[in-house]
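Values in this text are rule-based calculations from the coordinates and carry no lab data. Small disclaimer: the values here were computed from a predicted structure and weren't measured. Please note: Cβ atoms are built from the backbone with ideal geometry, for glycine as well, and neighbour counts cover all protein chains shown.
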Amino acid sequence: MSAAEQTITTLYPRPTDDQSRLAALHRYDALEATSGDDFTFLTELAAKVCDVPYAFISLVDADRVFVKSFSGLDVQSLPRGQCYCSLAVLGDDATEICDLSKDARTAHMPLTVEAPYMRMYSSVPLVSSDGYAIGTLCVMNTKAGCLSTAQREMLRKLARQVMALLELRANERALKSSMDELEMLATTDELTGLHNRRSLMNRLKFEVARTRRFRTPLSAVMVDVDHFKRINDEYGHQVGDEVLAAVGRLVRENVRVIDVAGRYGGEELCILLPNTPLEGARKFAETLRSRIEAQVHSAGTRAVAVTASLGVGSFNHMDIDDAEMLLKQADAALYRAKANGRNRVEG
């Protein structure tokens, strides 16, 4: 460690509870999030009420200080030991240095000795709900001086608003994450990872409406694991579940982003193929059939052979022109595939 680095470490000691403080900071998930106009407004307001040209909202991470929002000077981040805001996490209610060039802690910092040659610094810590200082709302000036009592009080009030906004944004992100998780639970079949039947049927209605409106192709492929009851009876339901999960994973790996794959019921799956005519759906189904047959399954040391029968149906905008008829056509083709020896594609 160089002499300069040792000096910085001495002048800017880390709190003994810095790991807990960092945990509080990261709970807000704010370092990578965009700042937005609300933070910019509060920063500009701080500069205006304190009658200074510069203001910043900063978050103090383990080794760097990240500027969330700024007014007057575009600074993205600084090493923690080279930033005035490092003082804010040391437990003081507020930090004010009336002449940065005359304070041993800040006299040799880059913003002091290089343009724009800061001289005045005043900050209020941003305190998390569990009492940790995670950053600052600070103002600066290239002229030495101090804020008035009224200005310092206003800076405190604005810091509370910044913290409230950070809390709000964190709560919104947490709520969205919870809603996304609930939506996934409501629409996803837990075993196969595909759409559940309800979600599949809702998407089918949407795709049918779209193909009617734009007169585009729409095909459906019904997939049925051959002799699935025999697999359950001979190897047990756990092996049966593992087979279905593996087939579901294979389906997910082989569909396009625009395709919709779901568990139709039991061991039967359904795949909707938008913008795909009958011949294209047949080729897709044959490729999927061969890959299912090639999958390796086992029950302990015993190999489990798994094949599937597939039926293909397609919109023709005449006799096959609604969701019910499309599924009936694909289901009838599946029945033929099973009747004709299984492990084949019909449609």
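Between the Cα long axis of helix 149-187 and the first principal axis of the chain there is an angle of about 10°, rounded to the nearest 10. Karplus-based coupling profile of the range 238-246, in residue order and whole Hz: 5, 5, x, 5, 5, 5, 4, 4, 5, with θ = phi - 60° in 6.51 cos²θ - 1.76 cosθ + 1.60 and x standing for Gly or Pro. For Arg64, the residues whose amide H sits under 5 Å from its own are Arg80, ignoring neighbours fewer than 5 places away on the same chain, with H placed 1.01 Å from N. The packing ranking, built from the mean of other Cβ atoms within 10 Å per residue, places the peptides 179-191, 109-121 in the order 109-121, 179-191, highest first. Projected over every direction and averaged, the convex hull enclosing the alpha-carbon atoms of the range 36-92 yields 4.2 nm². The string of couplings for the range 213-229 from the Karplus curve (6.51, -1.76, 1.60, θ = phi - 60°) is 5, 9, 6, 9, x, 8, 10, 10, 10, 9, 10, 10, 5, 5, 6, 5, 4 Hz, one whole number per residue in order, with x for Gly and Pro. Let a ≥ b ≥ c be the square roots of the eigenvalues of the Cα gyration tensor of the range 278-347; is it rounded (a/c under 1.5), or, if not, prolate (a/b larger than b/c) or oblate? Prolate, since a/c reaches 1.5 and a/b exceeds b/c.
The structure shown yields P(r) over Cα pairs in 20 Å bins from 0, in percent, and of the options (i) 27, 50, 20, 4, 0; (ii) 31, 59, 10, 0; (iii) 25, 28, 23, 23, 1 that calculated value carries the label (iii).
With a Förster radius of 51 Å applied to the C-beta separation of Asp63 and His237, the computed FRET efficiency comes to 0.45.
One chain, two ends: Glu279 and Ala104. Fully extended at 0.36 nm per residue, the span grows by 55.1 nm beyond their Cα-Cα distance.
Taking 0.36 nm per residue of separation and subtracting the current Cα-Cα distance, fully stretching the chain between Arg336 and Arg156 would add 57.2 nm.
Close amide H contacts of Thr188 (hydrogens built in the peptide plane, cut-off under 5 Å, sequence separation of 5 or more or a different chain): Asn196.
In the chain, the longest principal axis of the Cα atoms and the axis of helix 36-49 are about 10 degrees apart.
Label zone (Arg14, point 7 Å along Cα-to-C-beta; backbone nitrogen cut-off 18 Å) within the range 80-97: 80-91. Each peptide in 144-155, 218-229 receives the mean, over its residues, of other Cβ atoms within 10 Å, and ordering these scores from highest gives 218-229, 144-155. Full extension of the chain segment joining Leu22 with Met184 gains 55.2 nm, where the gain is 0.36 nm per residue of separation less the Cα-Cα distance.
Ordering Ala261, Gln238, Val223 by the projection of their Cα atoms onto the charge dipole of the range 218-269, which places +1 on the Cβ of Lys and Arg and -1 on the Cβ of Asp and Glu, puts Ala261 at the extreme positive end. Against the chain, whose longest principal axis comes from its Cα atoms, helix 323-339 is set at around 60 degrees. If you wrap the range 212-315 in the convex hull of its Cα atoms and look at it from every side, the mean projected area works out to 6.5 nm². Pairs exceeding a 20 Å alpha-carbon distance, out of Lys68/Lys143; Lys48/Lys143; Lys205/Lys328; Lys68/Lys176; Lys68/Lys102; Lys68/Lys157: Lys68/Lys143; Lys68/Lys176; Lys68/Lys102.
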